[in-house]
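Shown next, in structure tokens, is the structure this report addresses.
The values are calculated or read from the model by the stated rules, or taken from the named source; none is laboratory data. Quantities reported herein were computed from a predicted structural model and do not represent experimental measurements. SASA here: full protein model, heavy atoms, side chains in, ligands and nucleic acids out. Shrake-Rupley method; radii C 1.70, N 1.55, O 1.52, S 1.80 Å.
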Amino acid sequence: MRASFLHDRETRIIAGVSAWVAAALSAEYAWLHARSTAALYGAICGEGPLVHCAACYAAPILALAGAGLLAPVGLQALRVRAGR
């Protein structure tokens with residue numbers, strides 16, 4: 001039997017908010033990394049020979065994952081408020 005824990009509303013909220021917190025932390029780390037590489041090499045990560053760091057990719061992916069987890073909860077709340 002497969003456990004599907006994302007059907008519970010509270011679990012989706014916790015997972016979605018956790019993904020948004022992780023996205024914010026990744027964005028902060030990516031910004032700090034870009035500033036440090038600019039100070040050291042004169043270019044931010046992803047520019048010239050420098051490759052992007054993992055935080056540059058993780059921040060938008062985690063933000064979208066959080067939005068995807070929270071969207072059904074928000075739509076359900078809107079339906080309840082609209083009386084449907």
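Computed values, structure above
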{"read-out": "Stokes-Einstein translational diffusion, the chain - Kirkwood Rh over all Cα pairs, 1.002 mPa s, 20 °C, in µm²/s", "value": "144"}
{"read-out": "Degrees, to the nearest 10: 54-82 long Cα axis against longest axis of the chain", "value": "20"}
{"read-out": "Accessible-area value, Ser18, 1.4 Å probe, nucleic acids and ligands omitted, Å²", "value": "70"}
